[in-house]
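Student: Structure below; questions to follow.
The values are calculated or read from the model by the stated rules, or taken from the named source; none is laboratory data. These figures come from a predicted structure and were not determined experimentally. FYI the Cβ positions are ideal-geometry reconstructions off the backbone, even for glycines, and counts take in every protein chain you see.
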Amino acid sequence: MQRVRFDDAGSALDALESRARELATAAPNRPLDVQYKRYEAAQQVFARIELAGPERLMPSVRAGVDIRGDGSVEAFRGRVRRDLIEPRRGETPYAALRRALEPSL
């Protein structure tokens, strides 16, 4: 686990996107067999990047992206219960995350 601090939310989101793109290209893209169950690459979370901000920058924000085993990326809000942020037509998961967080920024 790695923690990085940023002076503003925009910088944090830029860094999140950059790191997530690197991790997405490194995803193994292979199924995982565990005892009697098989998990396809898209069902596995290969990496997770979360944002949590101090009250002065991002009040009560818990959000981030999951990088799946097949290299796909999903944006979410929440910590314990994650709510998927659906991208709009032509929107990347990173843009969807920014859009969802705008009222909080």
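Student: Please name all residue pairs, on different chains or six or more residues apart, with Cβ atoms under 8 Å, provided the first residue is in the range 43-62 and is more than 18 Å from ASP14 (Cβ to Cβ) and of a type in the set (Val, Ile, Thr) and the second residue is modelled with pLDDT of 90 or more and surrounded by 13 or more Cβ atoms within 10 Å (Cβ to Cβ).
Tutor: Once the first residue is more than 18 Å from ASP14 (Cβ to Cβ) and of a type in the set (Val, Ile, Thr) and sits in the range 43-62, its partners that are modelled with pLDDT of 90 or more and surrounded by 13 or more Cβ atoms within 10 Å (Cβ to Cβ) give VAL45/ASP66; VAL45/ILE67; VAL45/ARG68; VAL45/GLY69.
Student: Next up: Of all residues in the range 7-50, which are more than 30 Å from GLU102 (Cβ to Cβ) and among the β-branched types (Val, Ile, Thr)?
Tutor: Scanning the range 7-50 gives a single hit, VAL34.
Student: Do you know which of the residues in the range 50-67 that are at pLDDT 95 or above and in contact with a helix residue (DSSP H, G or I) (Cβ under 6 Å, 6 or more places away or on another chain) is nearest to TYR94 (Cα to Cα)?
Tutor: Across the range 50-67, the extreme among qualifying residues is VAL65.
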